[in-house]
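Student: Just dropping this structure here.
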Amino acid sequence: MARKYLGGSGDKLTLWISLAASTVLIFYGYDQGVFGNILVSEDFIRTVGNPSVADQGTMTSVYNLGCFGGALSTLYTGDKLGRPKSLIVGSLVIALGAIIQATVYGPAQMYVGRVVAGIGTGINTSTAGVWQSETAKVSSRGKLIIIQMANCILGFSISNWLTLGFSFAPGSVSWRFPLAFQIFFSALVCFMCPFLPDSPRLLIRKERHEEALEILAALEGNGATVDSPSVRTQYAIIKDVMDKERGDEYTWWQLITGRGPSGVVRRMILGAWMQCMNQISGINVTSYYMTYVFINALGFSEFMARILAAAGSIDYLIFSFLAYFVIERYGRRRVMMTSAAACAACWTIISVAASQIEMEKGNRFQWGCAAIFGFFAFFAAFGMGVLAVPWLYPTEVNALAFRAKGASLAMASNWIMNYMVAQITPPGIANLGYRFWIIWAVICAAFVPITFLFYPETANRSLEDIDRFFADHPSIFVFRNKTATQLQRPEKYFEADNAIAAQQYDKGDEKHPSSTFEKEFI
């Protein structure tokens, strides 16, 4: 029998890994919402020295610089520590940052707390998706990442409702408790991760083959052992692709100058730019500053702005869960393009409504309602695609031997763009008015041709299939390539797996493993 982790194997073990990874994203969503809501607290503003609008933007965005550094650190520590240990380290750093923020009595301490918490968040967000992707079955990989991202929005919703409730509390407790509550999520991650397995693909790369086989058997469940033909065959497929890549033998300079395995740098760029698209869609204009936007751009009272922000988070949460039903059925490409086009339409509505409010044309209340509709519709459109696909894609598209490095670069790209958006939003609203919203409409519209031209489909492929595609297809344009764009798994990948299975049989397995391809591999 395979070893059981936290009492689980097979689907139960996958669920435990998903719970741990999702808790990381719940915290990430919580932090996105909490700081923007305490920025409108008069007691908080007094405590941190009455910062200017620009300084408020910096205080918010400096967190993302910490995240950027944390994400880059996993380029060197991610594979050495492994996935669960990386999450434990990141969570402990987040807890330290939360303590510094919750006990703040001046602006310098808040800047330090934001950076420290950001470093931990960068480590965790670079690790959780890779860990989930490397341990999930093909048909559930996308759905599990969707669940993670929906939990991210659950955290965002919790922060909005919690800060709304504590806004009635007297004094500094109204904002200190919401900041301190970040520790709760860190404690949950630290409790689960010591009892969960590392990525079998990472262990194979580290030459820890017996441990990798044990984890593959545990992930398969149904009484599988390290000697089961299906486990041995899957191990052989992973090892075959990894041996061809030999990731440890290449320096960064060799990769950048094209002397590494075919397509490695291209794949890293695709993953990193996909994460950039997630941020420059304008989502964190709404995530970090929704209450601020409703007050300063649309003219609502603080209480009404908090109510609308909390209600918007529920809308966001519902549609992020609904993405579960489309991500595998329609694939990454179609979902991303449709969602991006809808986001562009929503920003157009918002910009038109904001222009009428700004120019005092027509009924202010009616145009305010139109803007609110635009924001709520944007949450829905974004939650159905542009939210999750950029988080899922880098964990799939990067080469097996370079997956942690590729995911780290992708998350670093996400965080530096996140920093830019958070930094420019307050002065952008103040100086550009309704024109600020037009920028996001144009950017979102550009995502459609970019995805269509350059991004191959990854749904219904094993991670090894994706490696094979990039080895065989060096062209950067994919829109005319059926193998790249079709939704169903190409037949030639079944044939490649069966060939490896036959080799395993020839080496002396008691049972021909080809029948195991009716099962699903991770």
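Student: Once you have all Cα-Cα distances for region 264-403, histogram them in 10 Å bins from zero and send the whole-percent values.
Tutor: For region 264-403, the binned pair fractions read 12, 37, 29, 15, 6, 1 percent.
Student: Using a 1.4 Å probe on the protein heavy atoms, what percent of the accessible area of the chain belongs to carbon and sulfur?
Tutor: 64
Student: When ranked by the protection proxy of mean other Cβ atoms within 10 Å per residue, highest first, what sequence do the peptides 40-52, 347-359 form?
Tutor: 347-359, 40-52
Student: Now for a different question. So how much accessible area does Thr14 have, in Å² to the nearest 10, using a 1.4 Å probe?
Tutor: In the full protein context, Thr14 sits at about 20 Å².
Student: Computed over the Cα atoms, what is the radius of gyration of the chain divided by 2.2 N^0.38 Å, N being its residue count?
Tutor: So the Cα radius of gyration is 0.99 times the expected 2.2 N^0.38 Å.
Student: For a label point 7 Å from the Cα of Glu211 along Cα→C-beta, name the residues of region 77-111 whose backbone N is under 15 Å from it.
Tutor: 78-87
Student: In addition: Do the sum for the chain: with -39,500 (n - 2.57) for every DSSP H run of n ≥ 4, divided by all residues, what is the mean residue ellipticity at 222 nm, to the nearest 500 deg cm²/dmol?
Tutor: After summing the helix terms and dividing by residue count, I get -25000 deg cm²/dmol.
Student: For helix 138-166, report the angle its Cα long axis makes with the longest principal axis of the Cα atoms of the chain; keep it between 0 and 90° and round to the nearest 10°.
Tutor: 20
Student: Considering only protein heavy atoms, what per residue accessible area in square angstrom results for the chain with a 1.4 angstrom probe?
Tutor: On a per-residue basis, 37 Å².
Student: If you keep only loop residues by DSSP, which chymotrypsin sites (Phe, Trp or Tyr not before Pro) in region 416-495 have at most 15 other Cβ atoms within 10 Å of their Cβ?
Tutor: Here the chymotrypsin sites (Phe, Trp or Tyr not before Pro) that fit, given the DSSP loop and packing criteria, are Phe477, Phe479.
Student: Quick one: grab the alpha carbon gyration tensor of region 386-453, order the square roots of its eigenvalues as a ≥ b ≥ c, and give me rounded if a/c is under 1.5, else prolate or oblate depending on whether a/b is larger than b/c.
Tutor: In terms of gyration-tensor shape, oblate.
Student: In addition: How many lysine pairs in region 73-208, separated by 8 or more positions in sequence or lying on different chains, have Cα atoms less than 24 Å apart?
Tutor: Lysine pair count for region 73-208: 4.
Student: How much FRET efficiency would the formula 1/(1 + (r/R0)^6) give for Tyr330 and Arg46, where r is the Cβ-Cβ distance and R0 is 56 Å, rounded to 0.05?
Tutor: Computed FRET efficiency for Tyr330 and Arg46: 0.65.
Student: I would also like to ask the following. Give me the percent of Cα-Cα pairs in region 458-507 that sit more than 18 Å apart, rounded to a whole number.
Tutor: Tail fraction, whole percent: 34.
Student: Sticking with this one: Round to the nearest 0.05 the FRET efficiency obtained for Lys482 and Leu15 when R0 = 30 Å and r is the Cβ-Cβ distance.
Tutor: 0.25
The values are calculated or read from the model by the stated rules, or taken from the named source; none is laboratory data. Everything quoted here is computed from the prediction, not taken from an experiment. So basically every Cβ, Gly included, is an ideal-geometry build from the backbone, and we count neighbours across all protein chains shown. Remember, those area values only see protein heavy atoms, side chains included, never the ligands or the DNA or RNA. Shrake-Rupley method; radii C 1.70, N 1.55, O 1.52, S 1.80 Å.
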